[in-house]
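Q: Questions regarding the structure given below will be posed in turn.
Where a number appears in this text, it was derived from the coordinates with a stated rule and is not lab data. As the structure is a computational prediction, the values presented were derived from the model and not from experiment. Positions of Cβ are backbone-derived with ideal geometry, glycine not excepted, and every protein chain shown enters the neighbour counts.
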Amino acid sequence: MKRKDSKKPSYIKTVLKWIVVAFFASTILSVVALRWLPVYYTPLMFIRMVQQYSVGQELTLHHHWVSLDKISPSLPTAVMASEDARFLDHNGFDYKAIEQAAMHNMKHPEKRKHGASTISQQTAKNVFLWPGRSWIRKGFEVYFTALIELCWSKQRIMEVYLNSIEMGDGIYGADAVAQWHFGTTASELTKEQCALIAVSLPNPRRFDSAHPSRYMLKRQRRILREMGYVKPLE
């Protein structure tokens, strides 16, 4: 009996070791493969369809993968101006923005919390993870962000981001939002339309780029100004 019990911890340790090995092997292989393969579906797309089904809505999913050279160059510039001005300079984490957000949240605990999530972090979350604010999910986000920064170019990160991010109710990616909100293609989006899309990204189901509010139009003008100071994605 004692001999069996003594073997149990060793067995558990072996199983845990192989789980860890399998996790790192599968995630690294996935990131390497997606350096070239299109991302046709993300966890959020399925989560949104489950939410639609649960409230009796029609299942809606609009998503067309297009390469970066078929997306208006104004769109990467607009999202950098709005979401992550230092995207081309950081290694996935904008420590200055993190410090500023932390200071703001400490000084104004009663106000809406400021975040400092970069485009790289948002891409990692969109492609590999689920929505949420738990420390476990944040830990996975840090891990996948480091991986894609190591394995992908900035151009590839932007390409995946612009194709996978939610841009409206049931709308994902630049080409789908161009078609459903502006009646055009991703390559034909104007500067003004790109700025409106960028405005909607923090909450695309609330901020409708097809029917912008006064607040959105005000933000659009600010982003259009700031686009002139953003380093272009080459």
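Q: Tell me the relative contact order for region 117-230 as a rounded percent, counting alpha carbon contacts under 8 Å between residues six or more apart.
A: Relative CO of region 117-230 lands at 18 percent.
Q: If you take the Cα Rg of the chain and divide it by 2.2 N^0.38 Å, with N the number of residues, what do you get?
A: Here the answer is 1.16, to two decimals.
Q: Still on this structure, I have one more. Which of Ala198, Ala146, Ala22 moves the most in a Gaussian network model of the chain with Cα springs under 10 Å?
A: Ala22
Q: Next question. Between the helical axis of 191-200 and the dominant principal axis of the chain, each derived from Cα atoms, what acute angle in degrees is found, rounded to the nearest 10?
A: Computed tilt is about 40 degrees.
Q: Then there is this: For Gln155 paired with Val55, estimate the spin-label separation in nm (one decimal), with each label point 7 Å from Cα along the Cα-to-Cβ line.
A: 4.1
Q: Pulled fully out, how much extra length does the chain show between Val20 and Arg206, if you take 0.36 nm times their separation in residues and subtract their Cα-Cα distance? Can you show the working numbers first?
A: Values: separation 186, 0.36 × 186 = 66.96 nm, distance 3.95 nm.
Gain on stretching Val20 to Arg206: 63.0 nm.
Q: Of the residues Lys154, Lys125, Lys96, which exhibits the maximal mean-square fluctuation in a Gaussian network model of the chain defined by a 10 Å Cα contact cut-off?
A: Taking springs between Cα atoms under 10 Å, the residue moving most is Lys96.
Q: While we're here: What is the extension gain from Ser30 to Arg222, computed as 0.36 nm multiplied by their sequence separation minus the C-alpha to C-alpha distance, in nm to one decimal?
A: Value of the extension gain: 65.3 nm.
Q: Right, next: Between region 170-195 and region 31-92, what is the separation of their alpha carbon centroids in Å?
A: Each part reduced to its Cα centre gives a spacing of 13 Å.
Q: What list of ³J(HN,Hα) couplings, whole Hz, do you get for region 91-100 from phi and the Karplus terms 6.51, -1.76, 1.60, once you set θ to phi - 60° and write x for glycine and proline?
A: Result, ordered by residue: 9, x, 10, 9, 5, 5, 5, 4, 5, 5 Hz.
Q: Only Cα pairs within less than 10 Å get springs; with that Gaussian network setup on the chain, which residue of Met158, Met216, Met103 has the largest fluctuation?
A: Among Met158, Met216, Met103, the largest mean-square fluctuation in the Gaussian network model of the chain belongs to Met103.
Q: Taking only the alpha-carbon positions of region 121-231 and ignoring solvent, what does the Debye formula give for the base-10 log of I(q)/I(0) at q = 0.12, 0.16 Å⁻¹?
A: -0.47, -0.81
Q: Collect residues whose amide H, placed 1.01 Å from N in the peptide plane, falls under 5 Å from the amide H of His62; neighbours closer than 5 in sequence don't count.
A: Ile171, Tyr172
Q: What relative contact order, as a whole-number percentage, does the chain give when Cα pairs under 8 Å and 6 or more residues apart are counted? Before the final figure, lay out each step's value.
A: Numbers: 281 pairs, mean separation 60.1, N = 234.
Relative contact order comes out at 26 percent.
Q: Which angle from 0 to 90°, rounded to the nearest 10, does the C-alpha axis of helix 119-128 make with the longest principal axis of the chain?
A: Approximately 50 degrees, to the nearest 10.
Q: To continue, here is another question. Can you show me the helix-derived [θ] at 222 nm for the chain, built from DSSP H runs with n ≥ 4 at -39,500 (n - 2.57) apiece and divided by the number of residues, rounded to the nearest 500.
A: My calculation for the chain gives -19000 deg cm²/dmol from helical runs alone.
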